[in-house]
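Undergrad: My structure is below; once you've seen it, I'll send some questions.
Just so it is clear, none of the values below were taken in a lab; they were calculated from the coordinates. Only a predicted model underlies this, so the values are computations on that prediction, with no experimental measurement involved. Heads up, the Cβs are rebuilt from the backbone with ideal geometry, glycines too, and the neighbour counts pull from every protein chain shown.
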Amino acid sequence: MMRARSTLPVGATLSDEQWGFRHRAILLILAAHAAGLTVFALWMQVPWDHALFEGGVILLFVAGALWPFPRWVRSSIASAGLISSSAVLTHLSGGYIEAHFHFFVMLSVILLYEDWRTYGLAIGYVFVHHGIVGTLDPTSVYNHPAALAAPWLWAGIHATFVMGHAAANLWIWRVAERARMNQAQIVESAGEAILGIDGKGRITFANPAAAALTGMPADKLLSRPLADFAPVPVAIQRGSAEGALRRADGTSLPVEWTCAPLGGPATRDRVVTIRDASERKRAQEAERRRELEALKVRFLNQAAHELRTPITPIRLQIDLLRDGHADTLTERQRRALSILDRNVARLQRLAEDLLDVARLQSDEFSLRREPTDLGIVASMALESFEASAQSAGVTLRFRCEGPLPVHADPARLTQVLYNLLANALRATPPGGEVTVAATRRGTEAELSVADTGRGLSPEDASRLFQPFARLESSSGESGTGLGLYICRRIVERHGGTIACRSEGLGRGAVFAFALPLAAKEAPPQAPPRPPLTPLHANAPQA
């Protein structure tokens, strides 16, 4: 039983828009029958009042089908009107057998509703008309002696052909319904947004993907202009384009549009497929960033090598001049050589910094981690700066709170400390102090470098660790703008953090970085690390 039912059409599956279009067409056919039957009746020399009555009855069906009843009621009224038109035509023709063909045509027209209630009513009407009316008034249904003598027999013969015609109609109906349901299922399950657009640019259907993409329920999209969501001209008949989709919440989304005619090249209806291009755009942007980073790394490497190439012979010539003519050089010449020597050193430092930046950005910057005491690294770095601090008139101070074991690359930590100490000495005027403190902060070892120099504004502090961020020192000299950036990347590679604090211009600054303590030394349930505070807050100002 279930298998037999599966071969029959489901019925009542038309959308309101499809049903409305077909209903309007059927009402036009029915109205044409009202006029045509009146003319035919007059041509058959039927009294004019009778002719007008027959046409008026059909018009009543038109009026009833226009009333705002449920759609199955309106379709039933219209179907009854169409079958009544066949019955009136047969009656006016005097029962000519050729007039009976009109029933078959009307049954095919009624099939457009694809509703079992409507179609069953039409077939039942035919049986009643041919059997009961054929018995009560045979000449209004049949015009040959055999049918007049046995109206029910001929009603059965007609019913057999009607059933055959109905079976063919049901098969056509089922095929069309299944194709439409399959198509609808494909559209509904499609991952891409699909919209139907009529000739006026209004949305006629939308799948769930379109609802998700626009942020509006599918039923709310219907009848809305496509221009509400997209700047794509509605005159486009076919082709693809890229643009932005305006979503219901006011945001925009990069999308790809594909527009094609719906139903043939001559139609103004179109189907629009919309693909979310966000992921592709992100992938393209990521690829462009990777290409840019690769170009940057190649440029930095090339620039560093180009800088290093002339440095060695220049330094060799400086040494030859200084050593070979030490007794004959004037004071002015000695100063010139000293200035030249400092500038060559700056070029060499710039070349090394550029190479470090290139390695960091290409993930070729290697770390040789080993058990290291942060306090010992700081103490050794300070020894290297004692002479420089003394010549600059700056006092160096050091404070260390016990052993601070970390798992790190001591050479890279020394590089970070050298950068911080060199910056602090440049920023501190004669008579000032630079204080280095190695302390334990919960599960981290922290090393800070505080100076009593010119300090930093909040704007300067926020950009110090970016590439090529340069600040003038108190002596008027500035670095390459890469040192602190390299420090940040080295500390981050160790799993640590680096920060800068300053109480404002003229009040010094403190640079500090923190690294995780070695696991075996990390105290359990250590208190959270407090915010950094300048260690020189009570130091005398120069």
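Undergrad: If one puts a single equal scatterer on every Cα of region 370-521 and applies the Debye formula without solvent, what log₁₀ I(q)/I(0) results at q = 0.13, 0.14, 0.20 Å⁻¹?
TA: Relative scattering, expressed as log10 I(q)/I(0), comes to -0.55, -0.64, -1.29.
Undergrad: How large is log10 of I(q)/I(0) for region 364-424 at q = 0.30 Å⁻¹ when the intensity is taken from the Debye formula with one equal scatterer per alpha-carbon?
TA: Rounded to two decimals, the profile gives -1.30.
Undergrad: Right, here's the next one. How high is the relative contact order of the chain? Use alpha-carbon pairs under 8 Å, at least six apart in sequence, and give a whole percent. Don't skip to the answer; put the middle values down first.
TA: Numbers: 816 pairs, mean separation 39.3, N = 542.
So the answer I get is 7 percent.
Undergrad: Oh, and also: Cα gyration tensor of region 284-361, axes a ≥ b ≥ c as square roots of the eigenvalues: rounded (a/c below 1.5), prolate (a/b > b/c) or oblate? Mind dumping the intermediate values first?
TA: Details: a/c = 5.45, a/b = 4.04, b/c = 1.35.
Since a/c reaches 1.5 and a/b is larger than b/c, the shape of region 284-361 is classed as prolate.
Undergrad: Based solely on C-alpha atoms, express the radius of gyration and the Dmax of region 125-277 in angstrom.
TA: Cα-based Rg and Dmax for region 125-277 come out at 26.0, 79 Å.
Undergrad: While we're looking at this one, here's another question. Taking the beta-carbon count within 10 Å as an exposure proxy, list Val255, Val109 from fewest neighbours to most.
TA: On the way: Val255 23, Val109 18.
If I rank by nearby Cβ atoms, fewest first, I get Val109, Val255.
Undergrad: Applying the Karplus parametrisation 6.51 cos²θ - 1.76 cosθ + 1.60 with θ = phi - 60° to the phi angles of region 104-120, what ³J(HN,Hα) value in whole Hz is obtained for each residue in order, glycine and proline being reported as x?
TA: 5, 5, 5, 4, 5, 5, 5, 4, 4, 6, 6, 10, 4, 4, 5, 5, x
Undergrad: Given that compact globular proteins tend to follow 2.2 N^0.38 Å, what is the ratio of the alpha-carbon Rg of region 114-196 to that value?
TA: On the way: Rg = 20.3 Å, N = 83, 2.2 N^0.38 = 11.8 Å.
Computed over Cα atoms of region 114-196, the ratio equals 1.73.
Undergrad: Please sort 513-519, 482-488, 25-31 by packing, taking for each peptide the average over its residues of neighbouring beta carbons within 10 angstrom, highest first.
TA: Working: 513-519: 19.3, 482-488: 22.3, 25-31: 17.1.
Descending packing order for the listed peptides: 482-488, 513-519, 25-31.
Undergrad: Have a look at region 24-119 and give its Rg and Dmax from the Cα atoms, expressed in angstrom.
TA: 13.2, 40
Undergrad: Going by amide H atoms built from the backbone, whose H comes under 5 Å of the H on Phe69, apart from near neighbours?
TA: Correct list: empty.
Undergrad: Nearest 10 degrees is fine. How inclined is helix 71-93 to the longest principal axis of the chain, computing both from alpha carbons?
TA: 30 degrees
Undergrad: Counting only helical runs of four or more DSSP H residues, what would the 222 nm mean residue ellipticity of the chain come to if each run contributes -39,500 (n - 2.57) and the total is spread over all its residues? Mind showing how you got there, number by number?
TA: On the way: 16 runs with 285 residues, N = 542.
So the helix-based figure for the chain works out to -18000 deg cm²/dmol.
Undergrad: So, R0 is 22 Å and r is the distance between the beta-carbons of Asn343 and Ala387; what FRET efficiency does that work out to, to 0.05? Working shown, then result.
TA: Values: r = 21 Å, r/R0 = 0.95.
Efficiency at R0 = 22 Å is approximately 0.55.
Undergrad: On C-alpha positions alone, give me the angle between the axis of helix 48-66 and the longest principal axis of the chain, in degrees, nearest 10.
TA: 20 degrees
Undergrad: I want to check the label-to-label distance for Ala179 and Leu60. Put each point 7 Å from Cα in the C-beta direction and report it in nm to one decimal.
TA: Output for this residue pair reads 4.0 nm.
Undergrad: Which value, in Å to one decimal place, does the Kirkwood hydrodynamic radius take for region 2-188 when every pair of different Cα atoms is included?
TA: 17.5 Å
Undergrad: Let me ask another. Pairing the Cα long axis of helix 374-392 with the longest principal axis of the chain, what angle in degrees results, from 0 to 90 and rounded to the nearest 10?
TA: The two axes meet at around 60 degrees.
Undergrad: Please work out, to two decimal places, the log10 of the ratio I(q)/I(0) at q = 0.13 Å⁻¹ from a Debye calculation in which every Cα of the chain carries one identical scatterer.
TA: Listed by q, the Debye log ratios stand at -1.21.
Undergrad: Which residues' amide hydrogens lie under 5 Å from the amide hydrogen of Glu242, considering only partners 5 or more residues apart or on another chain, with H built in the peptide plane?
TA: Amide H neighbours of Glu242: Trp257.
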